[in-house]
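Reviewing the structure listed below.
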């Protein structure tokens, strides 16, 4: 099978803006949608929703734990609350409230988390949470979604309103290429096979999906056919997509802007070890905190850039052979 790596880039935009546009649009369609923000309305791009629906917008201030409790309570009255703050404050700061008040009782709260991962950039390690996917996927009843670009973040923001149950939606700060079509299907729990290939499977999420596409193009020049899967839903994981791909390629690389421990790669590893053990290489942050720097500088320093995916693919191919 010939690998195709031709993707039309439709511009560049931050994924948090996709969240803002999606929130406004779903707010117009569903009057039960309400929004809560912890003093970061502009950063989360929630201004348009606040302006359009001031009676459905709640500014709670720097009181994230209270925000989670309020959101849980609102679901009892039939509302669909979207909470908004940085990923670090959406998870690490309020884990007890999420566990006890939202996940345990299966409340229909949408936890929307911006500025995730290293690409938060100059704000540094205290804000660059790299453990949040692991924290959230371990909670019973929690769905975890990490879209790849502006368009998919908008689609995911709208889709979760119709999904009953708690959701963690993770997105970011920097402008990144837009390559998903605005009318593309978005199905929770259903991965997107972006490029078909026969030699190696690359499974990525979030900002690393575009890096995986770039890596596939480089690998193609070297005569290596890479299959690229956008695993936008970490939980529930699309097990069949993984197994179908590795049955063909016989090896896999996982790529994520997250700690290697507990992230997408570990979820993939659990699937293959139980069903079809094949070699796997991880591209992710390896047991360390981040630091201040530009997004591009940090991706390079922490070995989660395009060349690192290429290197991992070549390494796993050697293990396969």
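The values are calculated or read from the model by the stated rules, or taken from the named source; none is laboratory data. Just so it is clear, the structure is predicted and the values come from calculations on it, not from any experiment. Backbone-built Cβ (ideal geometry, glycine too); neighbour counts: all protein chains shown.
Of all residues in region 86-103, count the ones that are in contact (Cβ under 8 Å) with a residue 12 or more places away in the chain and either farther than 14 Å from residue 136 by Cβ or over 21 Å from the mean Cα position of the chain (by Cα) (or both).
4
Among the residues of region 143-165, what is the count of those that are more than 14 Å from the chain's Cα centre (by Cα) and either assigned to a helix (DSSP H, G or I) or within 14 Å of residue 102 (Cα to Cα) (or both)? Even if it seems obvious, please write down each step before you answer.
Initially, region 143-165 is screened for residues more than 14 Å from the chain's Cα centre (by Cα), giving 158-159, 161-165.
Filter again for either assigned to a helix (DSSP H, G or I) or within 14 Å of residue 102 (Cα to Cα) (or both), leaving 158-159, 164-165.
Total satisfying the criteria: 4.
Please give the number of the condition residue 216 fails out of (1) surrounded by 21 or more Cβ atoms within 10 Å (Cβ to Cβ); (2) under 19 Å from the mean Cα position of the chain (by Cα); (3) not in a loop (DSSP other than H, G, I, E, B).
(2)
Can you go through 299, 243 and tell me which one is touching a helix residue (DSSP H, G or I) at 6+ places or on another chain (Cβ under 7 Å), assigned to a helix (DSSP H, G or I) and surrounded by fewer than 20 Cβ atoms within 10 Å (Cβ to Cβ)?
243
Could you list, in sequence order, all residues of region 273-296 that are outside any loop (DSSP other than H, G, I, E, B), in contact (Cβ under 8 Å) with a residue 12 or more places away in the chain and closer than 24 Å to residue 123 by Cβ?
283, 284, 285, 295
For residue 31, which of the numbered conditions (1) part of a loop (DSSP other than H, G, I, E, B); (2) modelled with pLDDT of 95 or more; (3) in contact with a strand residue (DSSP E or B) (Cβ under 8 Å, 6 or more places away or on another chain) fails to hold?
(3)
For residue 198, are the conditions met, namely being surrounded by fewer than 20 Cβ atoms within 10 Å (Cβ to Cβ), in contact with a helix residue (DSSP H, G or I) (Cβ under 9 Å, 6 or more places away or on another chain) and assigned by TED's automatic domain parsing to the domain that holds residue 303?
yes
With respect to residue 71, is the statement that it is in contact (Cβ under 8 Å) with a residue 12 or more places away in the chain and touching a helix residue (DSSP H, G or I) at 6+ places or on another chain (Cβ under 7 Å) true?
Spelling it out, it is not the case that residue 71 is in contact (Cβ under 8 Å) with a residue 12 or more places away in the chain and touching a helix residue (DSSP H, G or I) at 6+ places or on another chain (Cβ under 7 Å).
Which ones in region 172-208 are under 15 Å from the mean Cα position of the chain (by Cα) and either without any contact (Cβ under 8 Å) to a residue 24 or more places away in the chain or under 29 Å from residue 279 (Cα atoms) (or both)?
187, 188, 189, 190, 191, 192, 203, 204, 205, 206, 207, 208
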